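Asker: I have a structure here, written as structure tokens, and I will follow up with some questions on it.
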Amino acid sequence: MRHTMIAWAAAGLIAAPATALAQSVVAVSEGDPGIALEQRPAFREYVVQQNVPNYTISERVRIGTVLPDTGVVVYDVPQRFGQTTRRYTVVNGETVLVEPRTRRVIEVID
């Protein structure tokens, strides 16, 4: 019985980080891969080169923030940065990926 409990505890310790990682990826991407980590530096540079206007909103920008229907323009992500249905814009100096239908911030590109 004791060996069984130890084996279950060890299995739980091994699986916990993978489970946590999977949950965070699903929560952020909601089925859309967004922009791969290795593509982010090039994407940030692209956004700067595009001279995208910076929109200022009163609240801190974070995942889940819903952007106003008017006054904030969202742009298509070029295919070279991956297949995504998300759009991007710059809010409070942060490049963000937005779900275009709801205008909800899905990811803040750091």
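Asker: Please specify each residue of segment 83-110 satisfying the condition of being more than 17 Å from GLN39 (Cα to Cα) and exposed (fewer than 11 other Cβ atoms within 10 Å of the Cβ).
Answerer: Of everything in segment 83-110, those that are more than 17 Å from GLN39 (Cα to Cα) and exposed (fewer than 11 other Cβ atoms within 10 Å of the Cβ) turn out to be GLY93, ARG101, THR102.
Asker: Assess whether ARG80 counts as being among the charged types (D, E, K, R) and crowded, with 21+ Cβ neighbours inside 10 Å.
Answerer: Against the criterion (among the charged types (D, E, K, R) and crowded, with 21+ Cβ neighbours inside 10 Å), ARG80 does not qualify.
Asker: Looking only at segment 62-77, how many residues end up being under 24 Å from GLU38 (Cα atoms), of a type in the set (A, V, I, L, M, F, W, C) and loosely packed, with under 15 Cβ neighbours inside 10 Å?
Answerer: Final tally of qualifying residues: 1.
Asker: Name the residue that is modelled with the lowest pLDDT, counting only residues in segment 70-91 that are in contact with a Leu (Cβ under 9 Å, 6 or more places away or on another chain) and not in a strand (DSSP E or B).
Answerer: THR84
Asker: OK, next. Say we look at segment 19-61 and pick out the residues that are exposed (fewer than 10 other Cβ atoms within 10 Å of the Cβ) and either closer than 15 Å to THR102 by Cβ or of a type in the set (A, V, I, L, M, F, W, C) (or both); which of these is modelled with the lowest pLDDT?
Answerer: My answer is GLY31.
Asker: Residue check: is GLY64 part of a loop (DSSP other than H, G, I, E, B), of a type in the set (Gly, Ala, Ser) and at pLDDT below 90?
Answerer: The answer is no for GLY64.
The values are calculated or read from the model by the stated rules, or taken from the named source; none is laboratory data. Everything numeric in this text was worked out from a predicted model, so none of it was measured. Please note: Cβ atoms are built from the backbone with ideal geometry, for glycine as well, and neighbour counts cover all protein chains shown.
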